[in-house]
Amino acid sequence: MDSVQSSSLNKGSINQVSLLKRLEPFICLAIIGSIFGYLGSVMGLTNMINTMMNTAHQLLLNTVFFIMGITVMAGALSRILIEYGVVNMLEKVLYPLMRPLFNLPGKAALAGLMTFFSDNPAIISLAHDKRFSRSFKPVELISLANFGTVFGMGLIVVTYMATKDFGTGGSNFGPAMVGVMGAVGGGIISTRLMQLLTRDMLPDSNSAELEGGAAESATEQADDGANARFLNAILDGGKSGVELGMAIIPGVLIISTFVMMLTFGPGESGYTGGAFEGVKLLPALAEHISGLFYVLFGFEHGELIAFPMTSLGAVGAALSMMPVFAEQGFITGSEIAVLTAMGMCWSGFLSTHTAMLDTLGQRRLISKAILAHTVAGICAGVIARYLYLLIY
């Protein structure tokens, strides 16, 4: 009798899956039709398509190539710092801060530095290195996904925010550094909250002991001369910067184009099919809670909420919005601090957390990691806002 019931239940679940598979094309068409139908009904079909293409083209020329230039130079610099032991030295300097701030072993400083100079997934290779991971308890090792994400693409974000002219009438370096402090505050919250949420789900013992060693580091390779090492470092670092710059193109062009079309309104002459026109839906929705955004982040323009929303998926795409915000007079030192903090803290974690935790064999903890990091990103923006008011 039980086997009959089990068999009928299995058949029922199979039928449900089969039905969903059959409905997927219609659901997909309904969603796509709704989005493009709404945009087309407001902007006009021809204008919508032209705006989409023109916005993507402008983003590619004026933003992606600028960011790629930064990633190439930053990649070369970071590889030199690694090659000649500067990163190892910084790790020793930061070592005493790890346990009191993040409740992590001192080695975690290396993880923060590696992701700061590259991107979030750099944490995976370190976590799989037995020489690195053996000092961590499982709960600490898993929380590295949150810790590393806080610093992911940090060098790119800070350099862009500090050097780009946003028309604020002064240097952006100070506000950008305030943003870094806000991101660190968010990182403390994210890492410790993740540990709190998962401590009863993971064993309270140190990770596996050392089993073999990874390949020796570049600094240990004594065969090459100093000149060759320098040239190899800058060329390899520049190449990795090109790869990173290429990797952000889909996110910038696809995500930013649609977010901008939902954020900005028509041009001075109405809808013309020009770049950066849109239906202004997000600001209209944000107006309902504009008071909350002002209290938390000091945002006086609802359009600014598009930056942190885009950072959830791709911080490179979010950076592409800054010149447009600057042209419309939305950017001051306070906004630079807050957006630096939120962009650096979130740095596309929705698109990387799943893959990172899946690679670490802890898919069941993905929802907790996302929850902890969402809260942390909001806190990072609040910390940066009030630090800026305190300092300036």
Please find, within the range 165-175, the residue that is nearest to the chain's Cα centre (by Cα) out of those that are modelled with pLDDT under 85 and farther than 11 Å from residue 331 by Cα. 171
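When you scan the range 299-389 for helices (runs of 4 or more DSSP H) that lie fully inside it, which ones turn up with 1 or more residues that are closer than 22 Å to residue 138 by Cβ and out of contact with any strand residue (DSSP E or B) (no Cβ under 7 Å at 6 or more places or on another chain)? Walk me through it before giving the result.
Working: elements: 306-311, 315-319, 322-327, 333-346, 349-359.
So the answer is 349-359.
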If you check every pair at least six apart or on different chains, which have Cβ atoms under 8 Å apart with a residue in the range 37-54 that is part of a helix (DSSP H, G or I) first and a residue that is hydroxyl-bearing (Ser, Thr, Tyr) and modelled with pLDDT under 90 second? 52/257
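Being more than 17 Å from residue 57 (Cβ to Cβ), modelled with pLDDT under 80, assigned by TED's automatic domain parsing to the domain that holds residue 80 and among the polar types (S, T, N, Q): is that true of residue 240 here? Full working, then the answer.
Details: more than 17 Å from residue 57 (Cβ to Cβ): yes; modelled with pLDDT under 80: yes; assigned by TED's automatic domain parsing to the domain that holds residue 80: yes; among the polar types (S, T, N, Q): yes.
It is true that residue 240 is more than 17 Å from residue 57 (Cβ to Cβ), modelled with pLDDT under 80, assigned by TED's automatic domain parsing to the domain that holds residue 80 and among the polar types (S, T, N, Q).
Scan the range 69-86 and tell me whether some residue there is assigned by TED's automatic domain parsing to the domain that holds residue 239, modelled with pLDDT under 90, farther than 30 Å from residue 317 by Cβ and touching a helix residue (DSSP H, G or I) at 6+ places or on another chain (Cβ under 6 Å). Show your work before the answer.
Just the residues of the range 69-86 that are assigned by TED's automatic domain parsing to the domain that holds residue 239, to begin with: 69-86.
Of the ones still in play, those that are also modelled with pLDDT under 90 are 69-86.
Now drop any that are not farther than 30 Å from residue 317 by Cβ, which leaves 83-86.
Those left that are additionally touching a helix residue (DSSP H, G or I) at 6+ places or on another chain (Cβ under 6 Å): 83, 85.
Yes, that holds for at least one residue.
Before we move on, is residue 131 more than 22 Å from the chain's Cα centre (by Cα), assigned by TED's automatic domain parsing to the domain that holds residue 370 and modelled with pLDDT of 85 or more? Step through it out loud before you land on a result.
Working: more than 22 Å from the chain's Cα centre (by Cα): yes; assigned by TED's automatic domain parsing to the domain that holds residue 370: yes; modelled with pLDDT of 85 or more: no.
It is false that residue 131 is more than 22 Å from the chain's Cα centre (by Cα), assigned by TED's automatic domain parsing to the domain that holds residue 370 and modelled with pLDDT of 85 or more.
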Quick one: would you say residue 124 is over 18 Å from residue 333 (Cα atoms) and either modelled with pLDDT of 80 or more or under 15 Å from the mean Cα position of the chain (by Cα) (or both)? no
Close pairs (9 angstrom Cβ cut-off, 6 or more residues apart or separate chains): in contact (Cβ under 8 Å) with a residue 60 or more places away in the chain in the range 141-168, of a type in the set (Lys, Arg) anywhere: none
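The values are calculated or read from the model by the stated rules, or taken from the named source; none is laboratory data. Computed from a prediction, not measured in an experiment: that's the story for all the values here. With ideal geometry, Cβ positions are generated from the backbone for all residues, glycine too; neighbour counts draw on all protein chains shown.
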